[in-house]
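The values are calculated or read from the model by the stated rules, or taken from the named source; none is laboratory data. Source: prediction; values computed, not measured. Positions of Cβ are backbone-derived with ideal geometry, glycine not excepted, and every protein chain shown enters the neighbour counts. In case anyone asks, the SASA skips ligands and DNA or RNA and just uses the protein heavy atoms, side chains included. Shrake-Rupley method; radii C 1.70, N 1.55, O 1.52, S 1.80 Å.
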Amino acid sequence: MINNDTVFALSTPVGGAIAIMRISGPDARRALETVFTGRIEPRRISYGSVTDPDGSKIDSCCAVFFEAPASYTGEDMAEIYCHGSRAVAVRLTERLMSVGFLRPAEAGEFTKRAYLSGKMDLAQAEAVMDLIYARAERSRKAALGQLEGRLSAVISDLYSRAKIALAELANYLEDDTDEVSLDAPALKNRIEELGSGIRSLAANGMRSRILRDGARVAIIGSPNVGKSSLLNALLLRERAIVTPVPGTTRDTLEEDLAIDGIPVVLVDTAGICETPDTVESMGVARSRREAEDADLVLWLADGTRELSDGDREILGSLSGKRTVAVITKADLDSVFFPDDNGTFCSFPAVRTSAVTGEGLTALKKLVADNLLPGGTDGAEDLITNSRHISALEGAADSLSDAADALTAGNFDGAFFSLHEAMESLASILGKDDPTEDLVDSIFADFCMGK
Ligand code: GDP
């Protein structure tokens, strides 16, 4: 896609010694010629002034012009290096607005243009932002590797392998002459191998993200099941307000702690239940979101009473979520227990008491085992972005559907699922027409000037 307008934005925060103003688009050169007095030659930095139309100086500065496609955005692009004060930034912005054929860039627009002109794929564009916000050395390395296309190469390879399998199947399905045969068991093995490779890549991504950024663990359950008490017991201090009146935790509380060496953000949510009280229903909506965003849900059931309709509704909303069931108030008489396999409602389960501390060590172990099966040892930082991790999980699910369909002799179904797997992989790189919404949502999180 070609942009026919030209945009500008300050790429540095105001208040440093030097500020960089970027201009990108077909009229970038004309814009630079209009406001800057220095000589303009592609890729040569030159010294001059930015001036008003009457020739009066706004600032003395350097500027450089990059000719398309050899620029960050792939378009004609200019950068002006001026002094970093607010006053200079304001006057330079006004001057650029006044030329009449420029508009201010949106957040992330330079990188979006780079993506749209094929300079980088979506995963690389996301890496730009990760590199800008990288706080730890490990994050910097992961983002740089991704920007340099390390992840893209791996995904492209997986994509080609899925495509070859699809082509083989298509060849067989389209053949009217009965000359093409299909070794379905061999194809199924290849698809399964590909799927398990993708699944372990996603699991590894999850590990490295958790070790780097910490895991979000949401405490979810009906009012009064003991969420705040459990949070306090795990933190060993009175952080959450505990009262016997249902619905007192109106908002979410977040606390950092380490569980078996894993950094964890523990989120105590307001009791999930339908309620006419508006403050509380906002909290309820937030609890549902927290459950969705969490890496692990601790679903709390009050062991002293049978499950209520509300409990069952929450339970229903957790299907497919990585969940540990916590049966609370173990110091009182319980009406249910984990079964012989240690599960309750098909989730791994533990009984705890916030009063006696019973079960807390076992709970921590369950949390650690479910977040990082296999412990905290080395996870390669190839994949760290949750969007990529869920796309990989989606691709792996589609591949196992494809393998099942092949076993059942349902070749059309296998074709469909393989195609779906390819789409999931392609969505990581933004290949094959990703939806505009997806692209917009990714760039909306960018900062100005990048
Ligand atoms: P929340 O609404 O789910 O956050 O529940 P709270 O933590 O506020 O607890 C609700 C009530 O249950 C309070 O009266 C707590 O003292 C009581 N409670 C919570 N956990 C336990 C426990 O392990 N044992 C006993 N005996 N009471 C508990």
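For the residues Gly430, Gly409, the requirement of being over 20 Å from the mean Cα position of the chain (by Cα) and not aromatic (Phe, Trp, Tyr) singles out Gly409.
Among the residues of the stretch 316-332, those that are of a type in the set (Ser, Thr, Tyr) and either within 16 Å of the ligand (Cβ to nearest atom) or part of a loop (DSSP other than H, G, I, E, B) (or both) comprise Ser319, Thr328.
Being more than 25 Å from Asp121 (Cα to Cα), of a type in the set (A, V, I, L, M, F, W, C) and surrounded by 15 or more Cβ atoms within 10 Å (Cβ to Cβ) is true for just one of Leu32, Leu10. Which residue is that? It would help to see each step written out before you state the result.
On the way: Leu10 fails: more than 25 Å from Asp121 (Cα to Cα).
Matching residue, one of Leu32, Leu10: Leu32.
If Leu315 satisfies every condition in (1) free of Cβ contacts under 8 Å to residues at least 40 places away in the same chain; (2) open to solvent by 40 Å² or more (accessible area, probe 1.4 Å) but one, which is the exception? Leu315 satisfies every listed condition except (2).
Can you find, within the stretch 88-103, the residue that is surrounded by the most Cβ atoms within 10 Å (Cβ to Cβ) among those that are in contact (Cβ under 8 Å) with a residue 60 or more places away in the chain and more than 13 Å from Val7 (Cα to Cα)? It comes out as Leu92.
Just name the residue that is farthest from the chain's Cα centre (by Cα) out of those in the stretch 206-231 that are under 23 Å from Asp331 (Cβ atoms) and of a type in the set (S, T, N, Q). If we take residues in the stretch 206-231 being under 23 Å from Asp331 (Cβ atoms) and of a type in the set (S, T, N, Q), then Asn224 is farthest from the chain's Cα centre (by Cα).
Looking at Leu187, Leu211, Leu234, Leu173, just one residue is on the phi < 0 side of the Ramachandran plot and within 16 Å of the ligand (Cβ to nearest atom), and that residue is Leu234.
For the stretch 333-363, residues that are more than 15 Å from the ligand (Cβ to nearest atom) and either of a type in the set (Asp, Glu) or not assigned by TED's automatic domain parsing to the domain that holds Gly226 (or both) total 2.
Inclusion of Leu298 among residues that are more than 9 Å from the ligand (Cβ to nearest atom) and modelled with pLDDT of 55 or more is warranted.
Among residues of the stretch 104-146 being of a type in the set (S, T, N, Q) and under 17 Å from Asp440 (Cα atoms), the one that is least open to solvent (accessible area, probe 1.4 Å) is Thr111.
Would it be correct to say that Gly271 is more than 10 Å from the ligand (Cβ to nearest atom) and either over 22 Å from Ala354 (Cα atoms) or at pLDDT below 60 (or both)?
So Gly271 fails the test.
For the stretch 116-134, a tally of residues being part of a loop (DSSP other than H, G, I, E, B) and among the hydroxyl-bearing types (Ser, Thr, Tyr) returns 1.
Out of curiosity, is Tyr72 assigned to a strand (DSSP E or B) and assigned by TED's automatic domain parsing to the domain that holds Ala114?
Spelling it out, it is not the case that Tyr72 is assigned to a strand (DSSP E or B) and assigned by TED's automatic domain parsing to the domain that holds Ala114.
Taking the stretch 157-178 as the range and being surrounded by fewer than 17 Cβ atoms within 10 Å (Cβ to Cβ) and either under 24 Å from the mean Cα position of the chain (by Cα) or of a type in the set (Ser, Thr, Tyr) (or both) as the test, the residues that pass are Asp157, Ser160, Tyr172, Thr177. Among the residues of the stretch 301-312, the ones that are away from the ligand (no atom under 12 Å from the Cβ) and open to solvent by 50 Å² or more (accessible area, probe 1.4 Å) come to 3 in all.
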